[in-house]
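To keep things clear, I will list the structure first and then write my remarks on it.
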Amino acid sequence: MLTFEGVAVTGDAPVVNPWLPQPRPSGGTNEKPRRSVQDRSAGLTGPGAPQGAGVPRPQRALPVARQLDTDDGWWWLGVHGGAGVTTLEQAVPGGRDAGRAWPVAEQPQPVVLVARSSANGIAAAQNAIQQWASGMVAGVDLLGLVVVADAPGRRPRVLQDLVRLVSGAVPRLWEIPWMEPWRLGQPPAENLPKQCAPLVRDLTRLTQPL
């Protein structure tokens, strides 16, 4: 059994996000959950902005880097070494490597976190998400989290539950499966899995000028 921020993850029971308030019973009415008032709220599956109070501080914080190059597009922020940023840069054109540091500038910068689906990768993602969610990072427009498979085959249930737990605290989650052609050095853009289609569509829409 693994624990994440004191929450036991056994693979048997549904996982709820301990950082977010749980929905109240509707009393039998057909109330729909409220979405963010942002124009970019359509694809939200989690909070669209930092929650601030009540969010645990991360055990390890990523550094912050001042950016002068703020052209259109987004930043890929690998939360640990080997997360898959270089491959995603080639597979999904339009993003730039943030160099494992939060990119900040005069205008809010769109950022996509990238992590492998191993326990260590998910833990690194959790640290980065806590850093953002607690309000420690200013001037960042967090778009979501990309989880890249760390091995072929079906993901163990306990790791899948960890991904669900952590992804509940980011605006969006995209999952990329294991790609043997990428491992063999074949061009990522010519060997795209179907799971890349939602990522391309969402990032294109989210980073278009308002």
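A short reminder: the numbers here are calculations on the coordinates, not readings from a lab. For clarity, every value in this text was computed on a predicted model and none was experimentally measured. In this analysis, Cβ positions are derived from the backbone assuming ideal geometry, glycine residues included, and neighbour counts consider all displayed protein chains.
For the stretch 58-153, a/c is not less than 1.5, where a ≥ b ≥ c are the root eigenvalues of the C-alpha gyration tensor, and a/b does not top b/c. That puts it in the oblate class. How would you classify the stretch 148-187 from its alpha-carbon gyration tensor, with a ≥ b ≥ c the square roots of the eigenvalues: rounded for a/c under 1.5, else prolate if a/b is greater than b/c, otherwise oblate? Oblate shape, in that a/c is at least 1.5 and b/c is the bigger or equal ratio.
Note that the stretch 112-119 has calculated 3J(HN,Hα) couplings of 10, 6, 10, 8, 7, 8, 6, 4 Hz, one per residue in order, obtained from phi through the Karplus relation 6.51 cos²θ - 1.76 cosθ + 1.60 (θ = phi - 60°); glycine and proline are x.
Shape of the stretch 84-210 from its Cα gyration tensor (a ≥ b ≥ c, root eigenvalues): rounded if a/c is under 1.5, otherwise prolate when a/b > b/c, or oblate? Cα axes put the stretch 84-210 in the oblate bin.
Peptides 149-157, 130-138 ranked from most to least packed give 130-138, 149-157, packing being the mean of other C-beta atoms within 10 angstrom over each peptide's residues. Cβ crowding within 10 Å ranks S167, S118 as S118, S167, fewest other Cβ atoms first.
Gain on full extension, evaluated as 0.36 nm per residue between R57 and R96 minus their Cα-Cα distance, stands at 11.3 nm.
If you take every residue apart from V147 with its C-beta less than 12 Å away from the C-beta of V147, what net charge results, scoring Lys and Arg +1 and Asp and Glu -1? Counting the neighbours of V147, the net charge comes to +2.
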